[in-house]
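One structure is given below, encoded as structure tokens.
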Amino acid sequence: MTADAYWTWTAAQITRAVSSREVSCREITESCLARLEEVNGDLVALVDIDAAGARAAADRADRSVRRGEPLGVLHGVPVATKINVDQRGSPTTNGVRAFKDRVALNDNPAVGNLRDAGAIILGRTNTPSFSWRWFTDNELHGRTLNPWNPKVTVGGSSGGSAAAVSTGIVPIAHGSDLAGSIRYPAYACGVLGLRPTQGRIPSFDATAPGDRPPLSQLMGVQGAMTRTVEDMRLALRAMARGSDLDPWSVPVPLELDATPPSRLAVVRSVPWTDVDASVTAEIDVSARRMEAAGYEPVEVVPPSFERVMDVFRAALWEAGHGLLQRVAELGDPSMQAVAKVMNEVAADIDGVRYLELFGLRTTILREWSAFLDDYPLLLMPVSWRRPFPVDYDQRGPDAVREVIDALAPAIAANVCGLPALAVPTSIGPDGPCGVQFVAGRFREDRCLTAAEVLMRDHPDRALRRGRPALDH
């Protein structure tokens, strides 16, 4: 293996080679930095690059290897972190001009856990203004392109992370997910994206003006993107360490029985909205693959599926009394246009209705828990639609509503606080295709085992080896 090809390695390959002293952490880091230099100018995946810091961290990691010290599960693995969480010494811009000097003094616990596991942080990934769009661009850092098709959204809000993993800048990237913000970019870019159970990975940002409102706290999580299931297991092991800074953090063991469940619930369509034929076809192919591996697919519609979006509208109402007001003051025009429609979507909600919908969430969780006892694993789309064209949400209020409705399958896992994993399945004429698995609380293992089955019999196409397809 030549040094300039180390960027193609998985995190698992890197950790094995580093621990056996086959390769140095510095060599791996230099290869990934060279790859970043090659593709990032067009891509705009990373927007705050710390090459000097990465090299210094790699040298420290190499000294630990030479001294025979215990090595973390990600020792020497280059990673990137989303610029909407705190990382000491770096501004937590969240894609907002007004926050460009908001330098963090300490790490968000999710970032700190990556460091403690031995990861080498190359830099920060792009996000839309305030991380509240499914399209990744902002006036401060620019637009992130989908490396497979620049006419199609890279997804959001963790679009920079998805692009970085897809193009081999890093094998693992951090992301956050409140309404599909990890899984939708993963879907658009052909990589794995894990939204873990609420409470699995701790989070706290001291630079934030205050804690988020209740539903946002219950729906939002930190997670990761990778190109392989083995790497996702490593990322989860590294990040899922508790922290007193996060009262929602739950120290549940990761090593659970991963025996594949027999029954697999399959959602291929719903009666209240249209589903793209190509999306349904991908579900059908995936269900057949799972059946060949011993699962028993059963087509169903989960309970209270339609009412999930009522709870999400309550989250929008909540945001309208805080975050979306700040967007109106400080956000980019593109985000302000979307925020205006989000407020309209929740316009019929008042304080009393909000409390009713907050209570409804508990009912939905109870119903989904019973459903996942009967069907321990759920296969369904990430979105009812193929990834939208770039800036589709700027075409007017109806387009924003269409995007929100299309993301209902992703949002359902957020409302219920459940683990969900976006899995790439093929490459279509306009870019990658994929599905998602959802399991019961703290059963990320079931999603990961299923993803291994689904990805076993087709080639790994997640790595976009060339430059972004600007001539597409």
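Here is how the numbers come out for the structure above:
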quantity	calculated
Answer from R60, R124 - the residue that is free of Cβ contacts under 8 Å to residues at least 40 places away in the same chain and outside any loop (DSSP other than H, G, I, E, B)	R60
A117 being over 23 Å from D391 (Cα atoms) and among the aliphatic types (A, V, I, L, M)	yes
Selected residue [without any contact (Cβ under 8 Å) to a residue 40 or more places away in the chain and not in a loop (DSSP other than H, G, I, E, B)] from Q222, Q217	Q217
Residue among R16, R21 that is surrounded by fewer than 17 Cβ atoms within 10 Å (Cβ to Cβ) and outside any loop (DSSP other than H, G, I, E, B)	R16
Sole residue being at pLDDT below 95 and surrounded by fewer than 15 Cβ atoms within 10 Å (Cβ to Cβ), chosen from P260, P271	P271
Lone qualifier among A162, A188, A173 - being in a helix (DSSP H, G or I), touching a strand residue (DSSP E or B) at 6+ places or on another chain (Cβ under 8 Å), modelled with pLDDT of 95 or more and under 21 Å from L74 (Cα atoms)	A162
One residue from A287, A265, A328, A281 being part of a helix (DSSP H, G or I) and either among the β-branched types (V, I, T) or in contact (Cβ under 8 Å) with a residue 40 or more places away in the chain (or both)	A287
Residue within the stretch 151-166 that is surrounded by fewer than 24 Cβ atoms within 10 Å (Cβ to Cβ) and not basic (K, R) present	yes
Residues of the stretch 142-159 that turn out to be over 13 Å from the mean Cα position of the chain (by Cα) and either part of a loop (DSSP other than H, G, I, E, B) or over 22 Å from G331 (Cβ atoms) (or both), as a count	10
Boolean, V79 is within 25 Å of the chain's Cα centre (by Cα), under 24 Å from A5 (Cβ atoms), among the hydrophobic types (A, V, I, L, M, F, W, C) and surrounded by 23 or more Cβ atoms within 10 Å (Cβ to Cβ)	yes
G199, sole failed condition from (1) within 11 Å of the chain's Cα centre (by Cα); (2) farther than 22 Å from S278 by Cα	(1)
Any hit, the stretch 85-102, residues being closer than 18 Å to V170 by Cα and basic (K, R)	no
Residue count, the stretch 78-98 (criterion: in contact (Cβ under 8 Å) with a residue 40 or more places away in the chain and either farther than 27 Å from A410 by Cβ or not β-branched (V, I, T) (or both))	10
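The values are calculated or read from the model by the stated rules, or taken from the named source; none is laboratory data. Predicted model only: the values in this text are computed from it and were never measured. For neighbour counting, all protein chains shown are included, and Cβ atoms are generated from backbone atoms with ideal geometry for every residue, glycine included.
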